[in-house]
Amino acid sequence: MSQVNCLTVNDNPPKKMEDEYGIEIRDTGVPAVFDACCKKWAIKALVEMGGHTNILRLQNCAEPELLRYLGIHANLEESYEQTLVLNAVKEKYKELVNPNQLIPVNTTLNKNIDWLGKQLGLSENDQKILLLCVLEKHNIFLKQSLAAIGEMKESKLMSVVSILLDIPLRCVYDAFAEHGLLTRTGLLTTITYLDSLDFGSKVDLISGLAERLMEEQTDFFDIFKHNFVAAPKPSLKIEDYAHVSNKVENAVHLLKTAIKEKRIGTNILLFSKPGTGKSELARVIAEEVGADAFEVSVGGRPGERYSNVNRLSAYMLSQTILAKSPNKLIIFDECEDISTKRDDEDQFMKPRRSSGKGMKGAMNQLLETNNVPCIFITNDLGCFQDPAFLRRIDICIQLEIPPLSVRVDMLKTFTTGMQVSEEWCKQTASNESISPAMMSKAVNVANAIQASSKNSLAEQVLSELLDSSLKAQSIQVKPKKSQSNALNYNLDYVNTDVNLKEITESLKTHACARILLYGVSGSGKSAYALHLAESIGKRAIIKQASDIFSKYLGDTEKCIAQMFSEAKEESAVLILDEADSYLRDRTQGLKSFEITIVNEMLTQMEAFEGIFIATTNLIDFICPSAMRRFDLKAKFDYLKPNDAITVFNETCKLLNVEPYLADDISARQLTQLSPGDFSVVFRQAKFKKITTYQQVLKILEQEKSIKNLTLNSKMGFLTN
């Protein structure tokens with residue numbers, strides 16, 4: 001702030017004051033050194049701008065403490081007389097409004113504003129306005145006097161500031177204009193579309209700024225610590241995002257070029273559902289670029305959440321401050337906070353300039369003119385319904401749950417130094433609902449628990465934390481397979497009319513295939529589809545009929561299209577169980593909406609350029625048109641007799657039962673069995689102890705008898 005005609009003074013703490021009647025006047029909330037200028041502005045608001053009409057009422061004084069603060073010693077209560085008090089106010093005005101009144105300097109507040117002015121290029125008038133706004137937020141009596149002026153339109157607001165600070169009206173308009181630095185940097189915002197607000201509600205500072213400018217700073221950049229902060233170093237590496245490597249590499253190259261060539265308007269967008277690792281990826285990208293990354297804060301004090309206006313202001317401020325330093329990058333997480341969609345939902349969340357453009361116009365302009373490249377992150381792309389926003393994004397990266405192999409590697413990285421096995425990592429990471437964010441959080445909590453408990457087992461603690469997190473989010477916790485009593489999946493025991501190993505090898509080099517797996521229940525169709533995806537290093541997206549069907553007309557078709565779109569975007573293997581539910585023969589008296597569903601499925605299958613695997617137990621119900629669209633149809637049958645005996649022996653071994661196939665056990669006792677039947681044996685072993693191979697045989701016989709009873713039955717909604 002300019003020091004011309006200013007008195008140099010030191011900070012003093014707020015002092016206690018009493019009037020001539022011995023009544024204590026509460027602290028003003030600011031150092032006493034600012035009393036003179038605060039009193040001057042307060043008395044001018046009362047006298048020159050009519051604030052006295054709301055304070056000095058006919059029968060009483062509305063704010064006696066305010067007048068005592070100004071040094072007016074008239075009786076303001078029992079023997080109150082309006083005329084006498086009004087005259088006292090006029091006399092005090094002559095005393096306080098001194099044209100040579102000096103604004104203090106060399107105070108903490110002035111030093112901070114002066115540094116801010118140099119960083120942003122604020123004019124002397126800008127700094128005076130900023131000082132007024134800061135003191136109005138802190139000094140209760142200045143706030144009361146300005147509030148007494150009453151409601152004000154934009155023109156009145158400009159006049160008030162002009163009169164208080166002795167600044168030409170034209171200069172005030174320039175300072176508050178959209179192109180003015182105070183507004184453009186986000187330091188100051190005004191609500192100009194509402195005329196029913198007083199000064200304190202009409203003019204606002206970016207959240208937390210008024211408090212931090214009053215504090216002595218060892219590092220002046222801490223003034224902005226609640227608006228933007230240095231991004232933490234990432235825990236992962238770029239190799240952990242191999243499933244989106246092409247797009248990430250493009251983003252890295254673009255950002256390097258933008259920083260080197262000072263390219264204007266460079267923006268990246270990361271979007272997906274929560275917890276997929278978007279924030280971590282943004283930090284990984286920044287590290288790969290070699291840039292100093294800063295993140296726009298979501299709140300200030302603990303528990304405080306910034307409004308969309310404050311977050312937008314914080315972003316604008318970060319752009320202005322960081323543009324002066326080389327090699328900088330901004331990360332704007334949860335950018336849906338500033339979406340145009342919310343303007344319609346909440347009138348009071350609109351931007352505070354009355355440009356007519358609204359949040360949409362402000363954002364579009366920022367995207368075109370930002371000097372510092374920015375990575376925007378959102379969980380809700382639907383908030384940005386205006387195509388104009390997305391057109392201004394250079395690269396969009398959708399980040400879904402990574403493939404199993406990547407999730408396993410991530411979990412290994414997070415748990416480095418912890419006593420966890422590779423098998424536990426594989427088993428835990430197999431649950432797609434466990435996101436990278438959940439992994440990282442669970443590891444941090446587990447480390448804290450283990451630090452204070454010598455008996456904590458890492459795997460047990462982590463499993464409990466992850467399970468409880470899933471349950472809290474109403475996500476189904478997948479049961480964990482017991483390694484002591486479960487058969488491992490083995491292609492050698494799958495009985496099909498094709499060579500599954502050859503298919504698996506061929507799909508490592510062929511990215512497009514439509515495969516139908518059909519046959520008896522429990523024969524390993526879905527298990528093979530998952531095995532295939534893992535073998536070729538791709539993520540598996542598994543959909544059941546219940547995942548797609550909707551009671552609302554047209555929604556099922558949308559779910560089908562979205563299913564294929566997700567698989568294409570992630571280059572994943574799409575697995576559709578119970579495919580007969582959506583590929584039924586259209587000549588069999590289907591209702592119109594059912595025909596529409598089948599048509600949508602056929603259309604999507606035809607256009608899909610990835611690997612699509614459908615499974616069914618009821619191939620006879622599949623539409624002939626769908627059958628023609630499958631490149632390969634593989635029949636899964638019961639176990640071959642020799643394989644059934646091998647699986648039987650392995651089952652007995654895992655159950656600690658001595659297998660004994662004597663002559664009294666005929667070969668036909670192990671016919672018509674699938675791997676799924678042996679899984680039933682393990683499940684029943686949880687309820688009753690199995691000690692003999694005869695018990696195993698009995699359970700298998702029961703499963704066979706049940707299958708014979710239901711063999712010719714129609715299933716699900718196929719029954720008319």
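Counting only residues that are in a loop (DSSP other than H, G, I, E, B) and open to solvent by 20 Å² or more (accessible area, probe 1.4 Å), how many does region 212-230 have? Write out each step before concluding.
Step one: filter region 212-230 for residues in a loop (DSSP other than H, G, I, E, B), giving 214-219, 225-227.
From what is left, the residues that are open to solvent by 20 Å² or more (accessible area, probe 1.4 Å) are 214-219, 225-226.
Looking only at that region, the number is 8.
Filtering region 602-622 down to residues that are out of contact with any Ser or Thr (no Cβ under 8 Å at 6 or more places or on another chain) and part of a loop (DSSP other than H, G, I, E, B), which residue is surrounded by the most Cβ atoms within 10 Å (Cβ to Cβ)?
As a first pass, look at region 602-622 and keep what is out of contact with any Ser or Thr (no Cβ under 8 Å at 6 or more places or on another chain): 603-609, 611-614, 616, 618-621.
Still in the running and part of a loop (DSSP other than H, G, I, E, B): 608-609, 618.
Numbers: F608: 19, E609: 11, L618: 17.
Checked region 602-622; the qualifying residue surrounded by the most Cβ atoms within 10 Å (Cβ to Cβ) is F608.
Which one of these does I163 not meet: (1) in contact with a helix residue (DSSP H, G or I) (Cβ under 8 Å, 6 or more places away or on another chain); (2) surrounded by fewer than 20 Cβ atoms within 10 Å (Cβ to Cβ); (3) not in a helix (DSSP H, G or I)?
I163 satisfies every listed condition except (3).
Looking only at strands (runs of 3 or more DSSP E) that lie completely in region 494-591, which have at least 1 residues being of a type in the set (F, W, Y) and at pLDDT 85 or above?
Qualifying strands (runs of 3 or more DSSP E): 513-519.
Can we say K202 is open to solvent by less than 10 Å² (accessible area, probe 1.4 Å) and either closer than 16 Å to A45 by Cα or in contact with a Gly (Cβ under 7 Å, 6 or more places away or on another chain) (or both)?
The answer is yes for K202.
Of the residues that sit in region 623-640 and are without any contact (Cβ under 8 Å) to a residue 40 or more places away in the chain and not hydroxyl-bearing (S, T, Y), which one is most open to solvent (accessible area, probe 1.4 Å)?
Initially, region 623-640 is screened for residues without any contact (Cβ under 8 Å) to a residue 40 or more places away in the chain, giving 624-625, 628.
Subsequent filtering for residues that are not hydroxyl-bearing (S, T, Y) retains 624, 628.
Working: P624: 66, R628: 176 Å².
Ranking the candidates gives R628 first.
From the set of residues in region 412-425 that are out of contact with any Lys or Arg (no Cβ under 9 Å at 6 or more places or on another chain) and free of Cβ contacts under 8 Å to residues at least 24 places away in the same chain, which is nearest to K471 (Cα to Cα)?
K412
So which helices (runs of 4 or more DSSP H) are wholly in region 638-720 and hold at least 2 residues that are at pLDDT 80 or above and more than 48 Å from the chain's Cα centre (by Cα)? Give the steps one after another, and end with the answer.
Details: elements: 641-654, 675-684, 693-710.
Helices (runs of 4 or more DSSP H) meeting the threshold: 641-654, 693-710.
May I ask you to say which residue of N75, N100 is over 45 Å from the mean Cα position of the chain (by Cα), under 25 Å from S159 (Cα atoms), open to solvent by 30 Å² or more (accessible area, probe 1.4 Å) and polar (S, T, N, Q)?
Working: N75 fails: under 25 Å from S159 (Cα atoms).
That would be N100, the only listed residue that is over 45 Å from the mean Cα position of the chain (by Cα), under 25 Å from S159 (Cα atoms), open to solvent by 30 Å² or more (accessible area, probe 1.4 Å) and polar (S, T, N, Q).
Residues checked against (1) touching a Pro at 6+ places or on another chain (Cβ under 8 Å); (2) modelled with pLDDT under 90; (3) polar (S, T, N, Q):
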{"position": "V47", "(1), (2), (3)": "no, no, no"}
{"position": "N75", "(1), (2), (3)": "no, yes, yes"}
{"position": "Y80", "(1), (2), (3)": "no, yes, no"}
{"position": "N87", "(1), (2), (3)": "no, no, yes"}
{"position": "E91", "(1), (2), (3)": "no, no, no"}
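All but one of (1) touching a helix residue (DSSP H, G or I) at 6+ places or on another chain (Cβ under 7 Å); (2) assigned to a helix (DSSP H, G or I) hold for C133; state the number of the condition that does not hold.
(1)
Of the residues S592, S571, S535, which is under 26 Å from K247 (Cβ atoms), free of Cβ contacts under 8 Å to residues at least 40 places away in the same chain and of a type in the set (S, T, Y)? Spell out how you get there, then give the answer.
Numbers: S592 fails: under 26 Å from K247 (Cβ atoms); S571 fails: free of Cβ contacts under 8 Å to residues at least 40 places away in the same chain.
Only one candidate qualifies: S535.
Being buried (at least 20 other Cβ atoms within 10 Å of the Cβ), of a type in the set (D, E) and touching a helix residue (DSSP H, G or I) at 6+ places or on another chain (Cβ under 8 Å) narrows it down to one residue among D677, D643; which is it? Talk me through it step by step, then tell me what you get.
Working: D643 fails: buried (at least 20 other Cβ atoms within 10 Å of the Cβ).
Every option except D677 fails the conditions.
Would it be correct to say that D195 is open to solvent by 20 Å² or more (accessible area, probe 1.4 Å), on the phi < 0 side of the Ramachandran plot, in contact with a strand residue (DSSP E or B) (Cβ under 8 Å, 6 or more places away or on another chain) and not in a helix (DSSP H, G or I)? Please lay out each step first, then the result.
Values: open to solvent by 20 Å² or more (accessible area, probe 1.4 Å): yes; on the phi < 0 side of the Ramachandran plot: yes; in contact with a strand residue (DSSP E or B) (Cβ under 8 Å, 6 or more places away or on another chain): no; not in a helix (DSSP H, G or I): yes.
Answer is no for this residue.
List pairs: first in region 254-274 and more than 18 Å from A286 (Cβ to Cβ), second open to solvent by 40 Å² or more (accessible area, probe 1.4 Å), Cβ under 6 Å, 6+ apart or cross-chain?
Close Cβ pairs (under 6 Å, with a partner that is open to solvent by 40 Å² or more (accessible area, probe 1.4 Å)) amount to G265/E368; S272/Q398; P274/N379.
For residues in region 496-542 being basic (K, R) and over 28 Å from L673 (Cβ atoms), which is least open to solvent (accessible area, probe 1.4 Å)?
Applying the first criterion (basic (K, R)) to region 496-542 yields 501, 508, 514, 525, 538-539.
Applying the additional criterion that residues be over 28 Å from L673 (Cβ atoms) yields 508, 514, 538-539.
On the way: K508: 107, R514: 32, K538: 52, R539: 10 Å².
Top of the filtered list is R539.
Can you name the condition, by its number, that Y69 falls short on among (1) open to solvent by less than 30 Å² (accessible area, probe 1.4 Å); (2) at pLDDT below 90?
Among (1) open to solvent by less than 30 Å² (accessible area, probe 1.4 Å); (2) at pLDDT below 90, Y69 violates only (2).
Out of the residues in region 241-261 that are within 21 Å of the chain's Cα centre (by Cα) and open to solvent by less than 20 Å² (accessible area, probe 1.4 Å), which is nearest to T413 (Cα to Cα)? Quick ask: steps written out before the conclusion?
Of region 241-261, the ones within 21 Å of the chain's Cα centre (by Cα) are 241, 243-244, 247-248, 251.
Next, only the ones that are open to solvent by less than 20 Å² (accessible area, probe 1.4 Å) stay: 241, 244, 248, 251.
Details: Y241: 13, V244: 18, V248: 20, A251: 24 Å.
Within region 241-261, the match that is nearest to T413 (Cα to Cα) is Y241.
So K324 passes all but one of these: (1) surrounded by 15 or more Cβ atoms within 10 Å (Cβ to Cβ); (2) modelled with pLDDT under 85; (3) more than 29 Å from Q473 (Cα to Cα); (4) not acidic (D, E). Which condition number does it fail?
(1)
Quick grid of which residues meet (1) at pLDDT 70 or above; (2) under 25 Å from V289 (Cα atoms); (3) within 22 Å of the chain's Cα centre (by Cα):
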position: Q347; (1), (2), (3): no, no, no
position: I375; (1), (2), (3): yes, yes, yes
position: P402; (1), (2), (3): yes, yes, yes
position: Q419; (1), (2), (3): yes, no, no
position: E432; (1), (2), (3): yes, no, yes
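State yes or no: is N485 at pLDDT 80 or above and of a type outside the set (D, E, K, R)? Even if it seems obvious, please write down each step before you answer.
Details: at pLDDT 80 or above: no; of a type outside the set (D, E, K, R): yes.
It is false that N485 is at pLDDT 80 or above and of a type outside the set (D, E, K, R).
Can you pull out every residue in region 279-294 that is assigned to a helix (DSSP H, G or I) and open to solvent by less than 40 Å² (accessible area, probe 1.4 Å)?
Step one: of region 279-294, the residues assigned to a helix (DSSP H, G or I) are 279-289.
Selection gives S279, E280, L281, A282, V284, I285, A286, V289.
Identify the residue in region 457-472 that is among the aliphatic types (A, V, I, L, M) and over 20 Å from the mean Cα position of the chain (by Cα) and, among all such residues, is most open to solvent (accessible area, probe 1.4 Å). Before the answer, list the steps.
Of the residues in region 457-472, the ones among the aliphatic types (A, V, I, L, M) are 457-458, 461-462, 465-466, 470, 472.
Subset that is over 20 Å from the mean Cα position of the chain (by Cα): 457-458, 461-462, 465.
Numbers: L457: 108, A458: 6, V461: 17, L462: 3, L465: 44 Å².
Ranking the qualifying residues of region 457-472, first place goes to L457.
Kindly indicate which of T183, T108 is of a type in the set (S, T, N, Q) and either in contact with a strand residue (DSSP E or B) (Cβ under 8 Å, 6 or more places away or on another chain) or open to solvent by less than 10 Å² (accessible area, probe 1.4 Å) (or both). Give the derivation first.
On the way: T108 fails: either in contact with a strand residue (DSSP E or B) (Cβ under 8 Å, 6 or more places away or on another chain) or open to solvent by less than 10 Å² (accessible area, probe 1.4 Å) (or both).
One residue alone meets the criteria, T183.
Scan region 76-116 residue by residue and report those that are of a type in the set (S, T, N, Q) and either touching a residue at least 24 places away in the same chain (Cβ under 8 Å) or under 21 Å from D219 (Cβ atoms) (or both).
Going residue by residue through region 76-116, those that are of a type in the set (S, T, N, Q) are 79, 82-83, 87, 98, 100-101, 106-108, 110, 112.
Result: Q82, N98, N100, Q101, N106, T107, T108, N110, N112.
The values are calculated or read from the model by the stated rules, or taken from the named source; none is laboratory data. Quick caveat, the model's predicted, so the values are computed rather than measured. Note: ideal-geometry Cβ built from the backbone for every residue, glycine included; neighbour counts use all protein chains shown. Note: accessible area is taken over every heavy atom of the protein model, side chains too, but ligands, DNA and RNA are not part of it. Shrake-Rupley method; radii C 1.70, N 1.55, O 1.52, S 1.80 Å.
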